[in-house]
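Colleague: Take this structure, written in structure tokens, and hold onto it; I'll ask about it next.
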Amino acid sequence: MDKPRDRVADTLLLDSSVTAVKGVTAARAKVLEKFHIRTVKDLLAHFPRRYIDLSHICTIADAQIGTTCTIAAEVHEVKLKRPRPRLPIVEVTLIDDTGVLVVSFFHMPWLARRLKPGMRLAVSGKIGFALGFKKLSNPYFEQLAEGDVEGRLLAVHPATEKLQAGHIRRLVFAALDQTRGMLDPVPAHLRARRHLISRGAAFDSIHRSHTTLEVAAARTRLVYDELLLLQLFLMRKGRERARLAGARAHTTDGASVRALTEALPFTLTDDQRGAVRDLFDQMRQDVAADHMVLGDVGSGKTIVAAFGVAAAKDSGGQAMVMAPTEILAEQHDATLGTLFDASGIRHALLTGSTLPPDRARILEAFAQGELDVLIGTHALIEDDVIPCDLTFAVIDEQQRFGVDQRARLLAKGRAPDALYMTATPIPRSLALTLFGSLSHSYIRQKPHATSKRETFAFDKSKRGVAYDAARAALARGEQVYVVCPLVGDPPATREDDGRVHEDDEPYHPDVQIETEDDLDRADAASATKEAKRLARTVFLDNEVGLLHGRMPAEEKRRAMEDFAAGRTQVLVTTTVVEVGVDVPKATVMIVEDADRFGLSQLHQLRGRVGRSDLDAQVYLISSSKLPPAVKRLEALVESDDGFKIAEYDLSLRREGDILGNKQAGTSSLKLVNIMTDADIIEWSHEDAGAILRADPDLSSPAHAALAREVRMTFSEQMQVSGG
Ligand code: ADP
Ligand code: MG
């Protein structure tokens, strides 16, 4: 029998270097590092990407064409073919007692070296038929060893050529054996309440269980752990801000707020009013508040920020409004500026292209309290930007900023209230996961409910339809965006399936792309070319402008101004136009190679049109025939609702196998599926809240293990934010 374990030693081993695991040599540790595996616990958290169900193996003869099967068979022959220079195909002939199966692996030339006649493989995928043989294309596969007896689940871990799934499995098993006595950091009463198995059992089951039921129970427990730690971390950080001394209790019905209300050129929607009310509720309190406004593109979030700025001014404080691009900052300055002027709020714009003498003047005025609000880009977080008394900070499109950038902005005041705005509409479960400690308001109504926006998906061969619609819009005096193909990005459908394709070739056909900079350049080049082509052909009668990320800021501004003023009627652009840009007369958008963009990104893009009372049309052009790509575009055609799109987008991230484990959101979340784990997300949110209410510093002995876990898991983030 087992000798008694030293449970503390086993627990501490989790945080030791992975080299403490039997069989992990320095060389192997280096390969593991590629998977971000550094500690023993990291190795245990290297979860299988799928399982091969060895209890349901069928013979080649029994495998029905069109169904998904797992087959165990022997390699008979391996051939490397190159029908085209960039298309390596490894063709493997498998045989069992009942027949022959032809298996093709695309873009994995190294398999030709790895697979040898005589090897036994388990392959799993959808059975096809060609040239008289049953076949499988790019199936999941696994080499079967002696010990891989039938009648259980075989875990397949993400692997590389240098450290194959079989090796990794053995290392994981060794780690499980060495840490078998690990203590459970989650208090017993919570485990009982949520019916969770112990952590040790969960790690064991997820890697070597016999039934899918066991795997499911293990997964629930591990998902709970990931979420509980994240919630504890976020909530404690939130509390740190709330504990800061000197937060302003803002007045929210002062002269500027009233003047702003008067100056509004439109009536607020109910949701906008609700968001302002929620924000003011937070701002009135004398603690540093963090409030998030979530609203689809074009839902009118900016105005909510304006009210916060007015309240800051009325309370004798100052505000800063930070946006991720110069275009957006300038636009805020223009639109908010008018309202601020009418409300007696003194404002200025500060970006990377502000000229040095102007900059010096603005900084001086801001430091002296002669400006009430500074609107700008990352330029706002420079060290020499020193407010006189910052009490309110706005971070627009907050997802585009890093944690440290947000923290640096907030650090410019003693304890400013913060307003985060995001146009990535996310369901409540995700909001809780990412922003567990923030209060939040949703803006779901659109201000322009009377106009409609339609989206169409067309094959490249039918793009003429889109051009016709564009010309019709131009004839009505409206404007058109043409968004150019992304050059360097592989199509989003070629999703990473967890394998590391070592010798895989880069996707792009005619540009050598090695760095992000090359990629940028290639996108710019393609936009430039397309603008020239369109100006000479389709839009011969119109002025065609060009906007891409590599243009100098000054040129970008001019291109944007020309388009906003209608001097150019067509704007050919890359994704720089994605965020927040507001040109009400733009009504048609054509997106080339739409299948290469992410779903949410496309939704953001189309948010550039349909921002007024004019009807709008979006044309998604693609030449992809791949069903997933087509399905994704169809989702956009069917729904114009950003929340639905976001939910759909998230649901796609599920792997099609029994227990999907695609990475989601935060890097500490490996197993969580935002859509299907909504229940566990609510549990963890509730439990973390209860734990911290009873023990705010996690200082009680019952929580010592949890506190340690939080520290270990988020050590990097804690350093950045100085927490
Ligand atoms: P987003 O939420 O994408 O940041 P904006 O704040 O830029 O949206 O608003 C989009 C457009 O709608 C702007 O032109 C803005 O002036 C306009 N707008 C905002 N609220 C209203 C409203 N209540 N009625 C009419 N137009 C509005
Ligand atoms: Mg906006």
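Colleague: Using only helices, what value at 222 nm comes out for the chain when you add -39,500 (n - 2.57) per DSSP H run of length 4 or more and divide by the total residues, to the nearest 500 deg cm²/dmol? Each step should come with its number before you reach the end.
Modeller: Values: 24 runs with 276 residues, N = 723.
It lands at -11500 deg cm²/dmol.
Colleague: First measure r as the distance between the Cβ atoms of Arg533 and Glu682, then evaluate 1/(1 + (r/R0)^6) with R0 = 35 Å and state the FRET efficiency to the nearest 0.05.
Modeller: On the way: r = 52 Å, r/R0 = 1.49.
The computed FRET efficiency comes out at 0.10.
Colleague: Order these peptides, 335-348, 184-197, by their mean beta-carbon neighbour count within 10 angstrom, highest first.
Modeller: Details: 335-348: 18.2, 184-197: 15.6.
Packing proxy ranking, top to bottom: 335-348, 184-197.
Colleague: If each of His210 and Thr68 carries a label point 7 Å out from its Cα toward its Cβ, how far apart are those two points in nm?
Modeller: Here the answer is 2.5 nm between the modelled labels.
Colleague: Rounded to whole Å and sorted largest first, what semi-axes of the equivalent ellipsoid does the C-alpha gyration tensor of the chain yield via the square root of 5 times each eigenvalue?
Modeller: Working: eigenvalues 461, 267, 88 Å².
Semi-axis lengths for the chain are 48, 37, 21 Å.
Colleague: I'd like the Karplus ³J(HN,Hα) series for region 241-252: coefficients 6.51, -1.76, 1.60, θ = phi - 60°, whole numbers in Hz, and an x wherever there's a Gly or Pro.
Modeller: My calculation for region 241-252 gives 5, 5, 8, 4, 8, x, 6, 6, 8, 6, 7, 10 Hz in order.
Colleague: With an 8 Å cut-off on Cα pairs and a minimum separation of 6 or more residues, tell me the relative contact order of region 67-188 in percent.
Modeller: Working: 193 pairs, mean separation 25.0, N = 122.
Normalised by residue count, the contact order of region 67-188 is 21 percent.
Colleague: Then there is this: Cut-off 12 Å, label point 7 angstrom out along Cα-to-Cβ of Lys34: give me the residues of region 159-183 whose amide nitrogen falls inside.
Modeller: In region 159-183, the label zone of Lys34 (backbone N under 12 Å from the point 7 Å along Cα→Cβ) covers 159-165.
Colleague: Turning to a different aspect of this structure: Evaluate the distance, in nm, between pseudo-label points positioned 7 Å from the Cα of Arg114 and of Ser461 along their respective Cα→Cβ axes.
Modeller: The two pseudo-label positions are separated by 3.8 nm.
Colleague: Given a Förster radius of 35 Å and the C-beta distance between Val8 and Arg273 as r, what FRET efficiency does 1/(1 + (r/R0)^6) yield to the nearest 0.05? List each step's numbers first, then the result.
Modeller: On the way: r = 56 Å, r/R0 = 1.61.
Result of the calculation: an efficiency of 0.05.
Colleague: Right, another one. When we measure straight from the Cα of Lys556, which lysines land under 25 angstrom away, once same-chain ones fewer than 8 places off are left out?
Modeller: Lys301, Lys529, Lys532, Lys585
Colleague: Here's something else I'd like to know. Quick check: the distance between the Cα centres of region 391-425 and region 112-173, to the nearest angstrom?
Modeller: Between the Cα centre of region 391-425 and that of region 112-173, the gap is 48 Å.
Colleague: Per residue of region 222-235, in order, report the coupling 6.51 cos²θ - 1.76 cosθ + 1.60 (Karplus, θ = phi - 60°) as ³J(HN,Hα) in whole Hz, putting x for Gly and Pro.
Modeller: 6, 5, 4, 4, 4, 6, 4, 4, 4, 5, 4, 4, 5, 5
Colleague: Between Ser439 and residues 5 or more places away or on another chain, which pairs have amide H atoms under 5 Å apart, with H built 1.01 Å from N, and which residues are they?
Modeller: When sequence neighbours closer than 5 places are left aside, the close amide H contacts are Asp290, Met292.
Colleague: Next up: Tell me the relative contact order for the chain as a rounded percent, counting alpha carbon contacts under 8 Å between residues six or more apart.
Modeller: Details: 1351 pairs, mean separation 97.1, N = 723.
About 13 percent, as a whole number.
Colleague: Right, here's the next one. Calculated FRET efficiency, Ala472 and Ser439, Cβ-Cβ r, R0 45 Å, to nearest 0.05? List each step's numbers first, then the result.
Modeller: Values: r = 46 Å, r/R0 = 1.02.
In this case the efficiency is close to 0.50.
Colleague: Given 0.36 nm per residue, what is the gain on full extension from Leu80 to Arg243 after removing their alpha carbon distance, in nm? Display every interim value, and only then the final one.
Modeller: Values: separation 163, 0.36 × 163 = 58.68 nm, distance 6.44 nm.
This chain segment gains 52.2 nm when fully extended.
Colleague: Using modelled amide H (1.01 Å from N, peptide plane; none on Pro or chain starts), what sits under 5 Å from the amide H of Glu543, excluding residues fewer than 5 places away?
Modeller: Close amide H contacts, sequence-distant or interchain: Gln569, Val570.
Each value in this text was obtained by applying a stated rule to the coordinates, not by laboratory testing. Please read these numbers as outputs of a predicted model, since none were measured by experiment. All Cβ positions, even for glycine, are placed from backbone atoms using ideal geometry, and neighbour counts span all protein chains on display.
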